[in-house]
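The values are calculated or read from the model by the stated rules, or taken from the named source; none is laboratory data. This structure is a prediction, so every number in the text was calculated from the model and none was measured. Note that each Cβ is placed from the backbone with ideal geometry, even for glycine, and that neighbours are counted across all protein chains shown. All accessible areas refer to the heavy atoms of the entire protein, side chains included, with ligands and DNA or RNA removed. Shrake-Rupley method; radii C 1.70, N 1.55, O 1.52, S 1.80 Å.
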Amino acid sequence: MPPTFPYLEIDIQGKVSSPSPRVDIISASANHDRRNARRRAKAEKEAEIMVRTVSFRNKEVEIAAHLHLPDDFSEDEKYPALVGIHPAGGVKEQTIGAYTKRLAAQGFVTVVYDSSYQGESGGEPRLLEDPTTRVEDARCAADFLTTLPFVDHERMGVFGICAGGGYAISAAQTERRFKAVATVSAAPMGEGSRGFLGHMSPVAEQIGTLEMVAGQRTAEARGDAPLYAPFVPETLEEINENTPDLLREGYDYYRTPRGQHPNSKGRFLLTSMDKMFAFSAFDQIPELLTQPMLLIAGSKADTKVFSDQAYKLSNGPKELFVVEDATHIAMYDVPEYVDQAITKMVTFFAVL
């Protein structure tokens, strides 16, 4: 039996001329359709103005990004700015993009991007989940924002969803340009990979996983094909009564029309795991995270334990905002829960 990635609890396997009334009606309908088409074209043009396709670099890797601008945007104004970090296995067009669009509508210039090695961004090997690089991506996004004349670089913050929340906290600990940090359904990749939902795996099991990764690295160095592991179940058949809500609902979001996107593969390179194990998102919170921190979690989220941990570790300004009845994935796109999160984040980032 292949080892199990404890955080995910999924076995790792390579795997369209008469003046009759009728004509008048048709003519009126055609005019109506043309007006609607013009309105749609105008709306699409306005959307293009409010969301710019941009890019920046993390060393040699080109990062594909969307820059969301406020509705009343003017090149002559100065705006507070935010960096948004997507979940593991996600892309900028999914939940992080939806949050970003709404935050921009409230007056924030906001950049969201595909992480290195993923989505439309460059980098090899593909689908590498390297936490240290993920944090550096956020720093590079901050670099990019500081080059924009309409951004007040003294008023920048960072936020993330799921693993993106853990990366946001990690970045804020040592990136002092981020004056505030917010998370939604935070799930730190390092702490999460060494255990499952707050429960650490036995050391022997962790070592066994690392031995398996070492063997796979050797195999790939000798020419074998890379192996990938799923972040969430890939088929309904993998789900049963014992599947945690995080993974059950993760399948519904990432594997169905609800939230799936062609650039979101929902998998990671197996040999990412040694880098995950070596990473800790929360280790410097007590000493170095002095900026205001907002943690948003659903009351029914099986990952709420991580927000609780981060809150307890912090000695700085902090708030834990619990959304009643929400699960981890529900915070991605369920309107009644997302509305609460956005309202809270807008108020919180007023500190900028």
Exercise. Can you name the number of the only condition in (1) open to solvent by less than 90 Å² (accessible area, probe 1.4 Å); (2) at pLDDT below 95; (3) of a type outside the set (Asp, Glu) that ARG40 fails?
Worked result: (1)
Exercise. Given the residues ALA142, ALA98, which is the only one that is open to solvent by less than 10 Å² (accessible area, probe 1.4 Å) and either of a type in the set (Val, Ile, Thr) or closer than 29 Å to LYS78 by Cβ (or both)?
Worked result: ALA142
For this session: Select from the stretch 168-208 the residues that are farther than 14 Å from ASP283 by Cβ, among the polar types (S, T, N, Q) and modelled with pLDDT of 95 or more and write down the one among them that is surrounded by the fewest Cβ atoms within 10 Å (Cβ to Cβ).
Result: THR183
Seminar exercise, completed: Checking THR243, THR271, THR256 in turn, the sole residue that is among the β-branched types (Val, Ile, Thr), open to solvent by less than 40 Å² (accessible area, probe 1.4 Å) and within 30 Å of THR174 (Cα to Cα) turns out to be THR271
Exercise. Which of the residues belonging to the stretch 321-352 are more than 22 Å from VAL83 (Cβ to Cβ) and assigned to a strand (DSSP E or B)?
Worked result: VAL322, VAL323
Problem set entry | Pairs, first modelled with pLDDT of 95 or more in the stretch 152-167, second assigned to a strand (DSSP E or B) and of a type in the set (Asp, Glu), C-beta under 8 Å, six or more apart | none
Problem set entry | THR132 polar (S, T, N, Q), more than 26 Å from GLU191 (Cα to Cα) and open to solvent by 40 Å² or more (accessible area, probe 1.4 Å) | no
Exercise. For the stretch 285-304, does any single residue satisfy the condition of being out of contact with any helix residue (DSSP H, G or I) (no Cβ under 9 Å at 6 or more places or on another chain), within 26 Å of ASP252 (Cα to Cα) and charged (D, E, K, R)?
Worked result: yes
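Does SER280 satisfy being of a type in the set (Gly, Ala, Ser), within 29 Å of TYR311 (Cα to Cα) and open to solvent by 30 Å² or more (accessible area, probe 1.4 Å)? Steps first, please.
Numbers: of a type in the set (Gly, Ala, Ser): yes; within 29 Å of TYR311 (Cα to Cα): yes; open to solvent by 30 Å² or more (accessible area, probe 1.4 Å): yes.
Yes; evaluated as a whole, the condition is true for this residue.
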Problem set entry | Lone unmet requirement of (1) surrounded by fewer than 16 Cβ atoms within 10 Å (Cβ to Cβ); (2) in a loop (DSSP other than H, G, I, E, B); (3) in contact with a Leu (Cβ under 7 Å, 6 or more places away or on another chain) for VAL54 | (2)
For this session: Considering only residues that are out of contact with any Pro (no Cβ under 9 Å at 6 or more places or on another chain) and among the β-branched types (Val, Ile, Thr), look in the stretch 218-244 and name the one that is nearest to SER272 (Cα to Cα).
Result: THR218
Exercise. Within the stretch 108-115, is even one residue more than 26 Å from THR327 (Cα to Cα), open to solvent by 10 Å² or more (accessible area, probe 1.4 Å), touching a helix residue (DSSP H, G or I) at 6+ places or on another chain (Cβ under 9 Å) and of a type in the set (Val, Ile, Thr)?
Worked result: no
